Amino acid sequence: MPSLMFRDGIVEPIPLNVKTGKSGIGHEALLKRKAEEKLESYRRKIHMKKQVEERAAEQFRMRLKNKQDEMKLEGDLRRSQRACQQLDTQKNIQVPREAWYWLRLEEETEEEEEEEEEQDEDDYKSEDLSVLEKLQILTSYLREEHLYCIWCGTAYEDKEDLSSNCPGPTSADHD
């Protein structure tokens with residue numbers, strides 16, 4: 001019967017691990033843990049760097065889009081100013097309601113500029129207005145005074161014709 005007790009035990013002897021270094025017990029576990037922490041830290045840095053790059057790319061795209069939008073607004077304003085000058089001239093209007101309603105000629109003399117500055121001192125400065133604000137004001141003027149829509153490129157017969165055939169007073173309404 002004594003032989004039955006030994007049947008459930010281990011068959012092979014416990015392996016002997018001979019340490020060659022001078023490090024203590026558990027040193028290998030410590031090295032393994034430090035390597036894992038270093039790897040995790042590296043992964044976090046890579047993840048953060050990727051997020052920073054994605055944000056920078058998104059900001060660049062936004063700046064580019066804003067620049068394109070601004071250039072489009074400036075182009076629409078110049079077209080509106082040309083149309084305004086042409087339509088005002090057809091109605092024998094020699095001086096624009098506001099100086100910035102018409103495109104300024106580069107050959108304009110300093111005397112004319114000084115006269116305009118003196119005249120504008122009482123009014124608000126056009127420099128205080130953004131391109132979008134100028135475009136909105138000029139669009140409103142063209143629609144009310146000349147029944148003209150810059151985006152349709154059409155002068156309408158009357159206000160009813162304008163309101164029924166023009167999609168609206170903005171570029172987005174015409175898309």
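The values are calculated or read from the model by the stated rules, or taken from the named source; none is laboratory data. Here the structure is a predicted model, which is why all the values come from computation and not from measurement. Here Cβ is always computed from backbone atoms with ideal geometry, including for glycine, and neighbour counts include all displayed protein chains. We work out accessible area using only protein heavy atoms, side chains counted, and drop any ligands, DNA or RNA first. Shrake-Rupley method; radii C 1.70, N 1.55, O 1.52, S 1.80 Å.
Ordered by 1.4 Å accessible area with all protein chains kept, 131, 18, 52 run largest first as 18, 52, 131. Peptides 37-46, 152-161, 72-81, ordered by how many other C-beta atoms sit within 10 Å of their residues on average, highest first, read 72-81, 152-161, 37-46. Ordered from largest to smallest accessible area (heavy atoms of protein chains, 1.4 Å probe), the residues 16, 147, 30 come out as 16, 30, 147. Listed by chain and number, the lysines whose alpha-carbon sits under 19 Å from that of residue 49, ignoring those within fewer than 8 places in the same chain, are 38.
Rounded to the nearest 10 square angstrom, residue 62 shows an accessible area of 90 square angstrom against a 1.4 Å probe.
If the segment from residue 28 to residue 40 were pulled out straight at 0.36 nm per residue, it would be longer than the present Cα-Cα gap by 2.5 nm.
Computed from label points 7 Å out along Cα-Cβ, the spacing between residue 62 and residue 14 is 6.4 nm.
Placing dummy labels 7 Å off each Cα toward the beta-carbon, the span from residue 130 to residue 55 is 2.4 nm. You can think of it this way: the chain between residue 99 and residue 47 has 13.2 nm of extra reach, that is 0.36 nm per residue less the Cα-Cα gap. Do the alpha carbons of any pairs in 45/65; 67/91; 45/67; 91/159 sit beyond 25 Å of each other, and which pairs? In this structure, 45/65; 67/91; 45/67 exceed 25 Å between Cα atoms.
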